[in-house]
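Notes to accompany the following structure.
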Amino acid sequence: MSILVVGSVAFDTLTTPTGHRDKVLGGAATHFSLAASFFTPVRVVGVVGNDFTTEHEDVMRTKSIDTSGIEHADGLSFHWTGSYEGAMSEARTLGTDLNVFGTFAPKIPASYADSDYLFLANIDPVLQLQVRQQMPNVKLVAGDTMNYWINDHRDNLLKVLRELDILIINDTEARLLSGEHNLVTAAKKVMELGPKSLVIKHGEYGATAFFSDRSFTDEQGTPSPFRAPALPIETVVDPTGAGDSFAGGFYGYIASQPSLTPAVLRKALFYGGVMGSFAVEAFGTERLQRTTREEIEERFRLFVEISHLDSELKPEAR
Ligand code: AMP
C-alpha cells in the first residue's frame with residue numbers, strides 16, 4: 001500500500017573524515033523515499049527551487065517514486081551543511097538554509113488522497129501538521145524530527161507528536177525531548193507526549209522499539225520492548241541519511257504487509273537496519289541509488305545470522 005511522505009528535499013554540503021561533497025542531492029524525504037521504494041509505492045510532498053533539475057527528480061522517478069507532489073518554486077532548494085568527526089556518530093549542523101521551504105504551504109495532489117500510510121519526515125512541524133490535517137483517514141501515521149525542531153520549535157512539535165502512531169528518533173533526540181538520561185524512562189516520557197509506539201535508533205548499535213499500552217497489542221497484551229542490532233559495516237563513508245533510510249526500510253516494509261502485528265514490526269526493524277547500512281557506504285544517496293532488492297535480502301539474511309535468531313538459542317530450562 002502507498003506511503004505519502006512529506007519532508008525536506010534538499011541539497012547537502014557534507015564533510016566527513018573520508019571527504020567532502022558540495023550540494024549533493026539529499027533531504028529527509030529523499031533518503032526515506034529511496035529506501036521505502038524497494039518495498040512499496042511512495043508519493044512525495046515537498047518543495048524544491050530552480051536548482052533542482054530533471055536529473056535530480058529522475059533519481060526518484062527511476063525508482064517509481066511519485067514526485068507529482070513536489071512543488072517547483074522560484075528560489076533555491078533547502079540546503080543543509082553538516083560535518084562529522086571521528087566515529088561519525090553525531091552530525092554537527094553548520095548551516096540550515098530553509099530557502100523555498102520557508103514559505104511553503106503543502107498541497108496534496110488529488111491522486112495522493114487514497115494513501116493509507118503517512119510519514120511525516122524531518123521538516124518544520126508546522127508543515128508536518130498541515131499535511132496530517134489534509135490526510136485525516138490514513139491507516140497509520142509515523143514521523144521523525146531532529147534537535148533543531150525539538151530545541152527551537154517545541155510547541156509546534158508537541159502538536160505533531162499527539163498525532164503519531166509511531167515516532168522514530170535517535171537516542172540524543174529522545175533524551176532531548178524527554179529531559180531524561182535513562183533510555184527506558186525517556187521512552188516512557190516521550191510516549192506520554194502522544195506517540196503510541198516509539199522506535200529509538202542507536203546509530204551503529206541498532207534500534208529499540210518501545211510500546212505504550214495504547215500501542216497495537218498481541219494476544220498477551222502490550223508487547224515488550226524489542227531491540228534489533230545493527231550490521232557491523234566496514235566501509236562507512238557518510239552517515240547522512242542513515243536515519244531516514246532506516247525509517248524508509250522500516251515503514252516501507254510495514255506498508256507492504258497486510259496488517260501490523262508485533263512480528264511485522266520486529267522484522268521491520270531489521271529491514272530498517274539493512275537500509276541504514278547501505279546508506280552509510282557512500283556520500284548522499286549514491287549507495288541507495290544502486291542498491292538492488294537481491295542485495296537487501298542478502299543483507300537481511302546476514303543480519304538474522306549475526307543476531308543468532310535461530311531456534312537453538314533458547315534460555316536454559318530450569
Ligand atoms: P539523517 O537521516 O538524520 O542523517 O538526516 C539527514 C538529512 O536531513 C539530510 O539529507 C538533510 O538535508 C536533512 N536535514 C537536516 N536538517 C534538517 C532540518 N532542520 N529539517 C529538515 N531536514 C533536515
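The values are calculated or read from the model by the stated rules, or taken from the named source; none is laboratory data. Owing to the predicted nature of the structure, the values given are computational and were not obtained by experimental measurement. Neighbour counts are summed over all protein chains in view; Cβ atoms, including those assigned to glycine, are modelled from backbone coordinates with ideal geometry. The accessibility values were calculated without ligands, DNA or RNA, using every heavy atom of the protein model including side chains. Shrake-Rupley method; radii C 1.70, N 1.55, O 1.52, S 1.80 Å.
Taken as a whole, the condition of being surrounded by 23 or more Cβ atoms within 10 Å (Cβ to Cβ), within 15 Å of the ligand (Cβ to nearest atom), among the aliphatic types (A, V, I, L, M) and on the phi < 0 side of the Ramachandran plot applies to Leu167. With respect to the conditions (1) touching a strand residue (DSSP E or B) at 6+ places or on another chain (Cβ under 8 Å); (2) surrounded by 21 or more Cβ atoms within 10 Å (Cβ to Cβ), Asn122 falls short on a single one, namely (1).
Can you give me the number of residues within the range 151-162 that are under 15 Å from Met191 (Cα atoms) and open to solvent by less than 70 Å² (accessible area, probe 1.4 Å)?
Qualifying residue count for the region: 4.
Across the range 91-121, the number of residues qualifying as closer than 22 Å to Val237 by Cα and in a loop (DSSP other than H, G, I, E, B) comes to 1.
Determine which member of the set Ser2, Ser8, Ser68, Ser64 is at pLDDT 95 or above and within 16 Å of the ligand (Cβ to nearest atom). Quick ask: steps written out before the conclusion?
Working: Ser2 fails: within 16 Å of the ligand (Cβ to nearest atom); Ser68 fails: within 16 Å of the ligand (Cβ to nearest atom); Ser64 fails: within 16 Å of the ligand (Cβ to nearest atom).
None of the other options fit; the residue is Ser8.
Taking the range 11-33 as the region of interest, how many residues are within 11 Å of the ligand (Cβ to nearest atom) and either touching a helix residue (DSSP H, G or I) at 6+ places or on another chain (Cβ under 6 Å) or closer than 25 Å to Ala255 by Cα (or both)?
Start the filter on the range 11-33 by keeping residues that are within 11 Å of the ligand (Cβ to nearest atom), which leaves 11-14, 23-32.
Next, only the ones that are either touching a helix residue (DSSP H, G or I) at 6+ places or on another chain (Cβ under 6 Å) or closer than 25 Å to Ala255 by Cα (or both) stay: 25-32.
The qualifying residues number 8.
For the range 235-250, the criterion of being under 16 Å from the mean Cα position of the chain (by Cα), farther than 13 Å from Phe303 by Cα and either modelled with pLDDT under 95 or surrounded by fewer than 24 Cβ atoms within 10 Å (Cβ to Cβ) (or both) is met by at least one residue. Those helices (runs of 4 or more DSSP H) of the range 226-310 in which 2 or more residues are more than 16 Å from the ligand (Cβ to nearest atom) occupy 242-255, 262-279, 293-306. Any chance the range 75-88 includes a residue that's of a type in the set (Asp, Glu) and within 17 Å of the chain's Cα centre (by Cα)? No, the range 75-88 contains no residue that is of a type in the set (Asp, Glu) and within 17 Å of the chain's Cα centre (by Cα). Scanning the range 199-225 for residues that are within 16 Å of the ligand (Cβ to nearest atom), farther than 24 Å from Thr13 by Cα and open to solvent by 50 Å² or more (accessible area, probe 1.4 Å) turns up just one, Tyr205.
For the range 72-102, a residue qualifies if it is at pLDDT below 95 and away from the ligand (no atom under 12 Å from the Cβ), and the qualifying residues are Glu85, Gly86, Ala87.
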